[in-house]
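One structure is given below, encoded as structure tokens.
The values are calculated or read from the model by the stated rules, or taken from the named source; none is laboratory data. This one's a predicted model, so the numbers in the text were calculated from it and none came from an experiment. In this analysis, Cβ positions are derived from the backbone assuming ideal geometry, glycine residues included, and neighbour counts consider all displayed protein chains.
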Amino acid sequence: MILMIIFLILSVIVVIATAIYLKRKNKQTSIKNVSAQKENKKKKSKQLKDLFDIKVKDSIICSNNRYSCILRIGSIDYHMLSENEQEVIENILMQTAVSFDGYIQFFSTTENIDTSEIIDKIQKTKPLNYQIKIYKDNLISYLSNLMNSRNISILKNYIVISYTGLYKDAMQELDRRILNLKSNLLKVKVQCDLLTDNDIYNLLYRELNKNSNISKINFNEKGDDLIVKKKEKSKRRN
């Protein structure tokens, strides 16, 4: 009789212990799931479409029924020109401004110097002798230090051309406006380049991460994450 009571008590203890264990395990699993959901939500919020409600395709920024293109424009050393040359440029620029028949926005920003492409080309060259090799190594070192310097920056100017309407109409209208702008700026020898999808991503990335040392990212490989993590801010430039 006593043995039966002991077994009964042990059975009750095992049942209670099992229930407590399962409850704790379910609670831990629930906490992990909540944490994972928060982390996924945090990562998802870093996507371009979630930050700005836009997407980029074929050099066009799409936001609902508004379509925009960004062009990088060069500069003119205006003060080095003669009075006649200055007057000619002013007239052409005024004619260009008058010809704008849609939404136009001018945007200027400072950017760190990017010498990665030049360094890549130099590294691919084969020096003819030892002295040229030393010069090559010194040049690469100089360009790398120049690119990594936080005290040196250049001013970049952009024009944003927008159109509101249907996508098929936007393609044709934006092409017409871009062609008109380019032809007018070429008269004053100002270079005008349409930004590619990757150029647009990088422009937005740099503006959102001014304190980051990363100046250029291949978004075809990385995706459209535009917010750099704190640990990545001290990484080298790409």
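Here are a few things to note about the model shown:
- Unique residue being out of contact with any Cys (no Cβ under 6 Å at 6 or more places or on another chain) and either touching a residue at least 60 places away in the same chain (Cβ under 8 Å) or not assigned by TED's automatic domain parsing to the domain that holds Thr164 (or both) when the list is Asn84, Asn129, Asn91: Asn129
- Filtering region 87-121 to residues that are under 16 Å from Cys192 (Cα atoms) and in a helix (DSSP H, G or I) leaves Ile89, Ile92, Leu93, Thr96, Ala97.
- Test: Ile76 is out of contact with any strand residue (DSSP E or B) (no Cβ under 8 Å at 6 or more places or on another chain), of a type in the set (A, V, I, L, M, F, W, C) and assigned to a loop (DSSP other than H, G, I, E, B): yes
- Sole residue being out of contact with any Pro (no Cβ under 9 Å at 6 or more places or on another chain) and under 30 Å from Ile61 (Cα atoms), chosen from Ile132, Ile73, Ile119, Ile89: Ile73
- Any chance Asn84 is in a helix (DSSP H, G or I) and surrounded by 10 or more Cβ atoms within 10 Å (Cβ to Cβ): no
- Of all the criteria given as (1) loosely packed, with under 11 Cβ neighbours inside 10 Å; (2) touching a Ser or Thr at 6+ places or on another chain (Cβ under 8 Å), the one not satisfied by Gln105 is (1).
- Residue match in region 138-146 (condition: surrounded by 12 or more Cβ atoms within 10 Å (Cβ to Cβ), assigned to a helix (DSSP H, G or I) and among the β-branched types (Val, Ile, Thr)): yes
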